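Shown next, in structure tokens, is the structure this report addresses.
The values are calculated or read from the model by the stated rules, or taken from the named source; none is laboratory data. Here the structure is a predicted model, which means the values were calculated and not measured. All Cβ positions, glycine included, derive from the backbone under ideal geometry; neighbour counts span all protein chains shown. What goes into the accessible areas is simple: the full protein's heavy atoms, side chains included, and nothing from ligands, DNA or RNA. Shrake-Rupley method; radii C 1.70, N 1.55, O 1.52, S 1.80 Å.
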Amino acid sequence: QVQLVESGGGLVQAGGSLRLSCAASGRTFLTYVMGWFRQAPGKEREFVAAITRSDDTTYYADSVKGRFTISRDNAKTTMYLQMNNLKPEDTAVYYCTADPTRTIVNMRVHARYAYWGQGTQVTVSS
């Protein structure tokens, strides 16, 4: 169906930048919505950002607005998360996700998404 592989995580100082990538393969037309969630130790998985396949409409969590930018390549097979001005509270495992349902409802709810990557660690030091 759809396979997702994240890359680009690492260790960065506060105020620095990282760019995460998510490569989709298989039946990529099923990725109507693609997004990023993150999960810190002891916390539940939370929404970060999402983008639609049809018109590249973007959605962001309030905590990352103005700092993170989500995008897709022209073929819509690779998704990116440009993270600027990183803060220690951004430290988490970041997961790439996708779903074929053609609706923008519940885009911030992790249970809505059908496909998940294995995650990439982002650590921001103070």
Rounded percent of accessible protein surface that carbon and sulfur make up, the chain, 1.4 Å probe: 47
At what distance in angstrom do the alpha carbon centres of the range 1-36 and the range 47-126 lie from each other? 8
Can you compute the label reach from Ser21? Point 7 Å from Cα along the Cβ direction, backbone N cut-off under 18 Å, restricted to the range 66-96. 69-84, 94-96
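Which of the three applies to the range 8-74, rounded, prolate or oblate, going by the alpha-carbon gyration tensor with a ≥ b ≥ c and a/c under 1.5 meaning rounded?
Working: a/c = 1.63, a/b = 1.62, b/c = 1.01.
It is prolate, given that a/c is not under 1.5 and a/b is the larger ratio.
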How large is ³J(HN,Hα), in whole Hz, for each residue of the range 112-121 in order, when computed from phi with the Karplus curve 6.51 cos²θ - 1.76 cosθ + 1.60 and θ = phi - 60°, using x for Gly and Pro? 6, 8, 8, 10, 9, x, 8, x, 9, 7
So between Ala114 and Ser7, what do we pick up on full extension, going 0.36 nm a residue minus the alpha carbon distance? 36.5 nm
Rounded to the nearest 5, the percent of DSSP beta bridges in the chain running antiparallel is 90
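Mind checking the range 30-126 for GluC sites (Glu not before Pro) that DSSP puts in a loop (not H, G, I, E or B) and that have at most 15 other Cβ atoms within 10 Å? Write out the running numbers ahead of the final one.
Numbers: sites: Glu44, Glu46, Glu89; in loops: Glu44.
Those satisfying the criteria are Glu44.
Could you calculate the contour length gain from Ala75 to Ala40, that is, 0.36 nm times the residue separation minus the distance between their Cα atoms, to one decimal place in nm?
On the way: separation 35, 0.36 × 35 = 12.60 nm, distance 3.13 nm.
So the chain would gain 9.5 nm between Ala75 and Ala40.
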